[in-house]
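The values are calculated or read from the model by the stated rules, or taken from the named source; none is laboratory data. Quick caveat, the model's predicted, so the values are computed rather than measured. In this analysis, Cβ positions are derived from the backbone assuming ideal geometry, glycine residues included, and neighbour counts consider all displayed protein chains. We work out accessible area using only protein heavy atoms, side chains counted, and drop any ligands, DNA or RNA first. Shrake-Rupley method; radii C 1.70, N 1.55, O 1.52, S 1.80 Å.
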Amino acid sequence: MNYLRILSLVLCSLLLQTSLMAIPMKKNLNEGWSFHQPGQELSYPANVPGTVHTDLIANGIIEDPYYRTNEKDQQWIDKVDWEYWTEFEVGDKWLEKDIIELDFKGLDTYADVYLNDELILEADNFFLSWKVDVKGKLQSGKNKLRIYFHSPIKVGLRKLADHGYLLPAVNDQSENGGMGEQRVSIFLRKPGYHFGWDWGPRLVPSGIWNDVSLSAYDHGQLHDLWIQQEAISKKTAELKAELSFESNESKTFEIQVWNGEELLKTENIAAQIGLNNFSVPFEIKKPTLWWTHDLGEPHLYDLEVKILHAGQSVDSKSHKIGLRTVKLIIEKDKKGSSFAFELNGIRVFAKGANYIPNDVFIPRVSAEQYENIVESSVKANMNMLRIWGGGFYEKDIFYKLCDEKGIMLWQDFMFACSMYPGDTEFLENVKREAKEQVLRLRNHPSIVLWCGNNEIDAAWSQFDEKSGWGWKQLYNKMQRKEIWKAYDTVFHHILPEVVGTYQPELAYWPSSPYAKKGKHASYSTSDGDIHYWGVWHGEHPFSDFKNYVGRFMSEYGFQSFPEFNTVKSYTIKEDYDIESEVMAAHQRSGIGNLRIRSYMEAHYEVPKDFEELLYVGQLLQAEGIRQAIEAHRGAMPYCMGTLYWQINDCWPVASWSSMDYYQRWKALHYKVRESFEPMLIIANEKDDMLEVDVVSDLLEDNKAKLELILFDFEGNELTKEMVKANIEAQSVSKIYKSSLRKWKKNPEKQFLLIRLTDKEDVLSEKIHYFASPKDLDLPNLKEELIKSVKKDGDKFQISLQSNDLAKNVFLELDAEGWWDQNFMDLMPGEELLVNFYPKDLKLNLKKKDIRVRTLNP
């Protein structure tokens, strides 16, 4: 018995050791880094993930580049090399593993990596991750990891010299970088906006911008898992788990597919040495579909695939996936061809914005900031964001949040407003980048389109000599042929082939804007998508938004200043003039600040007070984009999408954004929330008639009542009418038409309240003015608008009331937080309750803390 007992203990011990040996090991290597400029003795602690700029700031070597004009004094940073290093220890158990890899999630950009002074990697693409086999290169005990970052400018200049001539890159602020016309951004696979844009600074960072780790495995490693959706019905979702598994020996493995705690499928597979691709079919019964938040629930399944050998875990991967079908519907009609997204068989009117990176220095964007911008999109009734092609393929958390919150994503590949080289090295680099990003992102239900680039097709205009941005006329015949061949290779061959191979169920669109093969988009094309910049760049009036409506409006916009609290973060008092050096430095559209003023003169009295000018500038922006959105939604189903430029900023600046760098909502974001409501009232004055339409994105018809009440600014009711309203689902319903003379009696002193009701419920409401804001004879407000401030759980409730119309009431305070309403019109005599959600839950808010501003004199 004793011998049997001893034998049993020995066998158990061996099995335990075998089990432990099979468990993958991972070590985070983000800690303990230092950096310096090669050739200098001094070194400093570094943050990983991070950038050289933020490390220099943290060590007090440079000041905040966003403050005043500090940016121009820091252009030396991108023209020198930088070196980072750390040490880490591993034990013998690490060295016993079959596979040991260093994993770099992101290096910016030209980096030589050394392990124990042995060169193990030469990185050359910001958008790629890098895995390096270090089996036999690690040593038991202490190891040194060193990364030498070459100046991206030096690398770019060498590539420019090799190319032989300049390429168009209109947003590359080479002059600000002290480089004259030597624009090198296009030669580097690195975010284009680092080199400047018409809303961003020129700050070209280097560094370890994403996580670094060490991993070790036995038996093999699961590199990729894709849950391919074969067919979906009410009864069954037919799926396949597509696996890419690397085995270190020929053997049989067990594959298990799990949905949470439910085992869906188990299958044995015979793996060969090296990379193996396996397909495991499985089903989900009575599937719950993923919808955008406005149409249903963005339901996600927590699917995991486990690989086992002899009952022991080898590796696993999991994804939260949404079951859905999505199509880009392009069908010929009498006016051209449609451009509409179909989700689960329903054609969806896309409502949203263009999205840029949240900071020049990507690693310092927090999870809270990502959560806030996606939640702000949901709060504003958006269902789509376009990830613009001059930034970067976003971090995993962003896509995860869009999956969870039900936001569709139009995903650009990272090319914008430039022509690119066509040498073999560049093209192969692009191919690797595209493959990695499609493989990485293809499990996200939020992504509904891959787009080749931003604005390049229209800018070059290969098929129309008189169109475009004047680029092709700068080159001789041979150069033009070379440049177009490079473009055609990337955007009409490499990228669509990658999407077709690795995510064939998703559409690829070559460029934005784009009409169709052989035809370039213009302001008046009736195919594809349109970027309309007649308002702003072309100085068209706001009313022209109605005259230029395409099948899908993927860009348009108007600028504003951020609020005064934000302006104070980068200025001092002597800068409080929109033509000051500092305010001009924080305006990258050369025409910007004065263009805002010129439009303001057409619509508002131009304030002399600086703070007041910032406030009115935000009202102006909101009014312009309101008119655009109403024009687009009112043209449904001819037009099936409206994405304004842009939702966010990458630094504190005057720009087209609806949320500033600190994610404070501008007047535009509040107006967008109204304009993107599921039901929208549109009032138009046309040919001496008043017309009222109702746009509905709802999936069912509605019967309601439309009430029109004419008031003077003192709240006296002058005229009233009520009509029945039959509102068709997903349509524009024409509800009311009357002589304008009936309502437009004293336009400078009256407004029309239009309200759509279903019994006691208000479905939609609109205040329509018959005169421009500058022509309104607004009353002087003789009383305080704030009547009370009460604490209510995690928020404060502010009661507002006025005897007279209070126009565009702006509430502001120094504490950080979110107002659920702002810049609103306060009806005479009515109480309005506004909620403020402070970041600091200990805040003790009083009436005196709140500053109130209105358009009233």
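Note on the range 315-347: residues that are touching a Ser or Thr at 6+ places or on another chain (Cβ under 6 Å), open to solvent by less than 50 Å² (accessible area, probe 1.4 Å) and not in a strand (DSSP E or B) amount to 1.
Counting only helices (runs of 4 or more DSSP H) wholly contained in the range 366-443, the ones carrying 1 or more residues that are in contact with an Asp or Glu (Cβ under 7 Å, 6 or more places away or on another chain) and within 19 Å of G500 (Cβ to Cβ) occupy 424-441.
Matching residues to (1) open to solvent by 50 Å² or more (accessible area, probe 1.4 Å); (2) closer than 19 Å to R324 by Cα; (3) of a type in the set (F, W, Y):
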{"position": "K251", "(1), (2), (3)": "no, no, no"}
{"position": "E254", "(1), (2), (3)": "yes, no, no"}
{"position": "V257", "(1), (2), (3)": "no, no, no"}
{"position": "G274", "(1), (2), (3)": "no, no, no"}
{"position": "K286", "(1), (2), (3)": "yes, yes, no"}
{"position": "L289", "(1), (2), (3)": "no, yes, no"}
{"position": "L295", "(1), (2), (3)": "no, yes, no"}
{"position": "P298", "(1), (2), (3)": "no, yes, no"}
{"position": "D302", "(1), (2), (3)": "yes, yes, no"}
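Considering K795, K791, the condition of being out of contact with any strand residue (DSSP E or B) (no Cβ under 6 Å at 6 or more places or on another chain) and closer than 23 Å to K379 by Cβ is satisfied by K791 alone. Please indicate, with yes or no, whether at least one residue in the range 364-380 is within 17 Å of G322 (Cα to Cα), under 14 Å from the mean Cα position of the chain (by Cα) and open to solvent by less than 10 Å² (accessible area, probe 1.4 Å). For the range 364-380, residues within 17 Å of G322 (Cα to Cα), under 14 Å from the mean Cα position of the chain (by Cα) and open to solvent by less than 10 Å² (accessible area, probe 1.4 Å): absent.
For the range 585-625, taking the residues that are outside any helix (DSSP H, G or I) and open to solvent by less than 30 Å² (accessible area, probe 1.4 Å), the one that is farthest from D575 (Cα to Cα) is identified as Y604. Inside the range 452-481, residues that are under 30 Å from E436 (Cα atoms), surrounded by 16 or more Cβ atoms within 10 Å (Cβ to Cβ) and of a type outside the set (S, T, N, Q) make up a count of 7. Scanning the range 752-765 for residues that are surrounded by fewer than 18 Cβ atoms within 10 Å (Cβ to Cβ) and either farther than 18 Å from L710 by Cβ or out of contact with any Asp or Glu (no Cβ under 8 Å at 6 or more places or on another chain) (or both) returns D758, K759, E760, D761, V762, E765. Among the acidic types (D, E), at pLDDT 95 or above, under 19 Å from T642 (Cα atoms) and crowded, with 16+ Cβ neighbours inside 10 Å: does that describe E433? Answer is no for this residue. Scanning the range 47-73 for residues being touching a residue at least 24 places away in the same chain (Cβ under 8 Å), over 11 Å from S206 (Cα atoms) and of a type in the set (S, T, N, Q) gives a total of 2. Considering the range 28-44, the residues that are within 33 Å of the chain's Cα centre (by Cα) and in a loop (DSSP other than H, G, I, E, B) include one that is surrounded by the most Cβ atoms within 10 Å (Cβ to Cβ), namely L29. Here W450 meets the list (1) within 30 Å of T288 (Cβ to Cβ); (2) assigned to a helix (DSSP H, G or I); (3) not aliphatic (A, V, I, L, M) almost entirely, failing just condition (2).
Exactly one residue out of I798, I786 is surrounded by fewer than 19 Cβ atoms within 10 Å (Cβ to Cβ) and of a type in the set (A, V, I, L, M, F, W, C): that is I786.
The residue that is surrounded by the most Cβ atoms within 10 Å (Cβ to Cβ), among those in the range 559-584 that are among the hydroxyl-bearing types (S, T, Y) and over 25 Å from the mean Cα position of the chain (by Cα), is T571. Note on the range 273-295: residues that are under 30 Å from Q730 (Cβ atoms) and free of Cβ contacts under 8 Å to residues at least 40 places away in the same chain total 1. State whether the residues of the range 607-622 include one that is under 30 Å from V582 (Cα atoms), of a type in the set (G, A, S) and at pLDDT 95 or above. Within the range 607-622, one or more residues are under 30 Å from V582 (Cα atoms), of a type in the set (G, A, S) and at pLDDT 95 or above. Taking the conditions exactly as written (open to solvent by less than 10 Å² (accessible area, probe 1.4 Å) and either at pLDDT 95 or above or of a type in the set (F, W, Y) (or both)), does D529 satisfy them or not? Taking the combined requirement at face value, the residue satisfies it. Being surrounded by 13 or more Cβ atoms within 10 Å (Cβ to Cβ), of a type in the set (A, V, I, L, M, F, W, C) and farther than 17 Å from T854 by Cβ: is that true of L778 here? Against the criterion (surrounded by 13 or more Cβ atoms within 10 Å (Cβ to Cβ), of a type in the set (A, V, I, L, M, F, W, C) and farther than 17 Å from T854 by Cβ), L778 does not qualify.
Out of curiosity, is E630 surrounded by 17 or more Cβ atoms within 10 Å (Cβ to Cβ), modelled with pLDDT of 95 or more and farther than 12 Å from N808 by Cβ? Yes: the conditions hold for E630. Picking from residues in the range 494-525 that are more than 18 Å from G641 (Cα to Cα) and of a type in the set (S, T, N, Q), the one that is most open to solvent (accessible area, probe 1.4 Å) is T501. Note on the range 752-837: enclosed strands (runs of 3 or more DSSP E) holding 2 or more residues that are among the aromatic types (F, W, Y) are 817-819. Only one entry of A123, A169 meets the criterion of being at negative phi, free of Cβ contacts under 8 Å to residues at least 24 places away in the same chain and small (G, A, S), and that entry is A123.
In the range 637-650, how many residues are crowded, with 22+ Cβ neighbours inside 10 Å, in a loop (DSSP other than H, G, I, E, B) and among the aromatic types (F, W, Y)? Residues flagged as crowded, with 22+ Cβ neighbours inside 10 Å, in a loop (DSSP other than H, G, I, E, B) and among the aromatic types (F, W, Y) within the range 637-650 amount to 1. Number of residues in the range 77-131 that are of a type in the set (V, I, T), modelled with pLDDT of 95 or more and farther than 30 Å from G177 by Cα: the value is 4. Considering E714, E700, E674, E728, the condition of being at pLDDT 95 or above, loosely packed, with under 13 Cβ neighbours inside 10 Å and within 34 Å of the chain's Cα centre (by Cα) is satisfied by E700 alone.
Reported count of residues in the range 826-848, each being surrounded by fewer than 17 Cβ atoms within 10 Å (Cβ to Cβ) and either free of Cβ contacts under 8 Å to residues at least 24 places away in the same chain or not hydroxyl-bearing (S, T, Y) (or both), is 14. Remark: pairs (first residue in the range 74-88, assigned to a loop (DSSP other than H, G, I, E, B); second residue open to solvent by 30 Å² or more (accessible area, probe 1.4 Å); Cβ separation under 6 Å; 6+ apart in sequence or on different chains) = Q75/G178; V80/Q37; D81/P38; D81/H150. Taking the condition within 23 Å of I330 (Cα to Cα) and open to solvent by 10 Å² or more (accessible area, probe 1.4 Å), does Y556 pass? Answer is no for this residue.
On the stretch given as the range 106-121, residues that are closer than 21 Å to V52 by Cβ, assigned to a loop (DSSP other than H, G, I, E, B) and not β-branched (V, I, T) total 2.
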